[in-house]
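Undergrad: I am attaching a structure below and will ask some questions about it afterwards.
The values are calculated or read from the model by the stated rules, or taken from the named source; none is laboratory data. Predicted, not measured: the structure shown is a model, and the values here were computed from it. Here the Cβ positions follow ideal geometry from the backbone for every residue, glycine too, while neighbour counts run over all protein chains shown. Side chains are part of the model used for accessible areas, which takes the heavy atoms of the whole protein and leaves out ligands, DNA and RNA. Shrake-Rupley method; radii C 1.70, N 1.55, O 1.52, S 1.80 Å.
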Amino acid sequence: MGMKIRIQFSKHGVMKFIGHLDIMRYFQKAMRRAEIDIAYTGGFSPHQIMSFAAPLGVGMESDGEYMDIEVNSHQGGSSVRDALNDVMADGIRVLSVRVLPEHAGNAMASVAAAGYQVRFREGLRPHFLDEDLLRRFREKESIPFVKQTRKKESILDLKPSIHELKLEGDTVSMLVDAGSSVNIKPSMVIEALYREHGETMPEFALLVTRTELYMNAGTDQEKHFVPLRDAGEEF
């Protein structure tokens with residue numbers, strides 16, 4: 001059995017328009033170009049042992065993307081990082097490489113929350129946005145949001161899923177649930193803010209960067225969010 005490794009990478013610039021499946025194929029090729037001794041599954045159609053955390057929506061940038069791989073051998077985390085960065089395209093950069101303990105859950109199953117920074121396209125910053133509005137928004141007993149899908153309409157209370165919400169200059173920073181059972185998109189929070197002020201959010205108004213993915217190191221009652229990279233150790 002090989003060693004489990006967690007890789008954190010960023011995705012910026014034109015690469016934000018590349019979808020999740022293409023990113024997966026990109027890294028499969030990058031592993032071969034970088035000559036990483038990645039492990040393969042058995043059977044008639046072996047494939048690289050590789051899994052990604054929560055897929056990033058097209059059009060979003062990120063500094064907190066994660067993937068887990070299994071390797072047969074290595075020359076240390078910095079060597080793996082440097083070898084991959086030597087073959088990376090502009091817009092993608094490996095930030096850290098850490099070894100995971102045997103008992104660690106995979107990246108996708110570990111995600112509990114995500115941090116985002118939301119900016120507004122030129123001329124589309126809402127005139128009503130200020131810290132007082134966010135304070136009143138955070139203090140509400142509930143924040144109902146109508147979620148529309150192709151098959152049905154449902155009402156979701158955003159309140160228990162928003163853990164941080166603050167204004168930093170012209171940027172709205174937030175920490176929201178992003179697990180398998182509840183996954184809050186930053187656009188939902190901003191749209192709810194518009195509705196709070198009786199207005200409709202313009203299309204394509206937001207520029208979103210996912211800053212980090214977190215796992216819950218606490219309990220369901222007392223949550224303690226730590227970055228996914230903290231599950232591993234430098235090597």
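Undergrad: Give the number of residues within the stretch 23-62 that are part of a loop (DSSP other than H, G, I, E, B) and closer than 22 Å to T211 by Cβ. I'd like the intermediate steps shown before the answer.
TA: The initial filter retains those residues of the stretch 23-62 that are part of a loop (DSSP other than H, G, I, E, B), namely 34-37, 39, 41-47, 49, 53-60.
Pick out the ones that are also closer than 22 Å to T211 by Cβ and you get 53-60.
The total comes to 8.
Table: residues versus (1) modelled with pLDDT under 95; (2) touching a strand residue (DSSP E or B) at 6+ places or on another chain (Cβ under 7 Å); (3) in a strand (DSSP E or B); (4) open to solvent by 70 Å² or more (accessible area, probe 1.4 Å).
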{"site": "M108", "(1), (2), (3), (4)": "yes, yes, no, yes"}
{"site": "V118", "(1), (2), (3), (4)": "no, yes, yes, no"}
{"site": "H127", "(1), (2), (3), (4)": "yes, no, no, yes"}
{"site": "R135", "(1), (2), (3), (4)": "yes, no, no, yes"}
{"site": "K151", "(1), (2), (3), (4)": "yes, no, no, yes"}
{"site": "L175", "(1), (2), (3), (4)": "no, yes, yes, no"}
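Undergrad: What do you reckon, is V87 surrounded by fewer than 18 Cβ atoms within 10 Å (Cβ to Cβ) and not in a helix (DSSP H, G or I)?
TA: Numbers: surrounded by fewer than 18 Cβ atoms within 10 Å (Cβ to Cβ): yes; not in a helix (DSSP H, G or I): yes.
Yes, satisfied.
Undergrad: Could you tell me which residue of the stretch 48-78 is nearest to the chain's Cα centre (by Cα), considering only residues that are open to solvent by 20 Å² or more (accessible area, probe 1.4 Å) and farther than 24 Å from M15 by Cα?
TA: Of everything passing the filter in the stretch 48-78, E70 is nearest to the chain's Cα centre (by Cα).
Undergrad: Looking at the stretch 180-194, is at least one residue among the hydroxyl-bearing types (S, T, Y), surrounded by 13 or more Cβ atoms within 10 Å (Cβ to Cβ) and not in a strand (DSSP E or B)? Step through it out loud before you land on a result.
TA: Step one: filter the stretch 180-194 for residues among the hydroxyl-bearing types (S, T, Y), giving 180-181, 187, 194.
Adding the requirement that they be surrounded by 13 or more Cβ atoms within 10 Å (Cβ to Cβ) leaves 187, 194.
When the remaining residues are screened for being not in a strand (DSSP E or B), the result is 187, 194.
Checked the stretch 180-194: at least one residue is among the hydroxyl-bearing types (S, T, Y), surrounded by 13 or more Cβ atoms within 10 Å (Cβ to Cβ) and not in a strand (DSSP E or B).
Undergrad: Sticking with this one: Please indicate, with yes or no, whether at least one residue in the stretch 6-18 is among the charged types (D, E, K, R), assigned to a strand (DSSP E or B) and in contact with a Phe, Trp or Tyr (Cβ under 9 Å, 6 or more places away or on another chain). Give the steps one after another, and end with the answer.
TA: Residues of the stretch 6-18 among the charged types (D, E, K, R): 6, 11, 16.
Right, trim to assigned to a strand (DSSP E or B) and you get 6, 11.
Restricting the remaining residues to those that are in contact with a Phe, Trp or Tyr (Cβ under 9 Å, 6 or more places away or on another chain) gives 6.
Yes; the residues of the stretch 6-18 include at least one that is among the charged types (D, E, K, R), assigned to a strand (DSSP E or B) and in contact with a Phe, Trp or Tyr (Cβ under 9 Å, 6 or more places away or on another chain).
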